[in-house]
Amino acid sequence: MLLVESLGKQVPLPGGPLTILEDVGFSICRGETVAVVGASGSGKSTLLSLMAGLDVPTRGRVLLDGHELSALDEDGRARVRGEKVGFVFQNFQLLPSLTALENVMLPLELRGDGEVEAPARQILARVGLGERLDHYPRQLSGGEQQRVALARAFVTAPALLFADEPTGNLDSHTGEAIIGLLFELNAAAGTTLVLVTHDEQLAARCHHRLRLDAGRLMDDRVASA
Ligand SMILES: Nc1ncnc2c1ncn2[C@@H]1O[C@H](COP(=O)(O)OP(=O)(O)O)[C@@H](O)[C@H]1O
Ligand SMILES: [Mg+2]
């Protein structure tokens, strides 16, 4: 599903280049759940951006379901993302001017689906927000906003879902409910899940763990595979 080869990312800084990721390689099979763990600043979000084609590497390559992202331009990468990828972020990233229902309909509209409202209503009901369809993000709690974000991510039935610390802005009780829902939706859809977290208990619920330390991959995955 995902193949990452010799991936490196450097950014130019006034004092010289900063290496954020160095020689990172692994593969993820269809339907697997993989946790990316490591200290703050170890490169987890950067790795996720590269895997999703939101950012381009300095070295190496990413194959997403057979598409070599580095061989595509920005439009091409956006097309692959639209067809294959869902995202959930720590800060929800809902559009503030759209209602819950409109936020969830949006990815279906963007890919040109004919029927967008019925599937959006259905998945919002599934995440427990069937009565909150016309509410704007600011009228919803953090946990409710993340439920909308989960509905938005799963409504397209993506092959691959990237979640970057999805409970990072939630209290532990609300976070647990969100994680329960995430795993439930994921299992039902057979989605391949890449989950960034620094919660080791949560990481332990995934099939595999990728551990980053200062931009390098530690060999956890071999031990746990
Ligand atoms: N565009 C950038 N320019 C400069 N430094 C960056 C940039 N993006 C990330 N970094 C740095 O790279 C390191 C890894 O960042 P990040 O991938 O966000 O780590 P994590 O998600 O594990 O906390 C951090 O030290 C961060 O400050
Ligand atoms: Mg991060």
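The values are calculated or read from the model by the stated rules, or taken from the named source; none is laboratory data. The structure presented is a predicted model; accordingly, all values stated were derived computationally and were not measured. Here the Cβ positions follow ideal geometry from the backbone for every residue, glycine too, while neighbour counts run over all protein chains shown. Each accessible area value is taken on the protein alone, full model and side chains, heavy atoms only, with ligands, DNA and RNA left out. Shrake-Rupley method; radii C 1.70, N 1.55, O 1.52, S 1.80 Å.
Give the carbon-plus-sulfur fraction of the accessible surface of the chain in %, rounded to a whole number; probe 1.4 Å, heavy atoms of protein chains only.
Within the chain, the accessible surface is 48 percent carbon and sulfur.
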Restricting to the stretch 143-225, what percent of DSSP beta bridges are antiparallel, rounded to 5? 40
Residue-span extension gain [GLU5 to ASP171] - 0.36 nm each, minus C-alpha spacing: 56.1 nm
Length gained, HIS207-HIS135, 0.36 nm per residue minus C-alpha separation, equals 22.3 nm
Stretch LEU63-ALA214 to full length: gain in nm at 0.36 nm per residue minus the Cα-Cα span? 52.0 nm
Under a 1.4 Å probe, what is the accessible area of the stretch 2-222 per residue, stated in Å²? 47
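Please say if the chain is rounded, prolate or oblate, where rounded means a/c under 1.5 for a ≥ b ≥ c the square roots of the C-alpha gyration tensor eigenvalues, and otherwise the choice is prolate for a/b larger than b/c and oblate otherwise?
Prolate, since a/c reaches 1.5 and a/b exceeds b/c.
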Tensor-based shape of the stretch 21-78 (alpha-carbon gyration tensor, a/c under 1.5 rounded, otherwise prolate or oblate): oblate
How do 198-210, 146-158 rank on mean C-beta neighbours within 10 Å, highest first? 146-158, 198-210
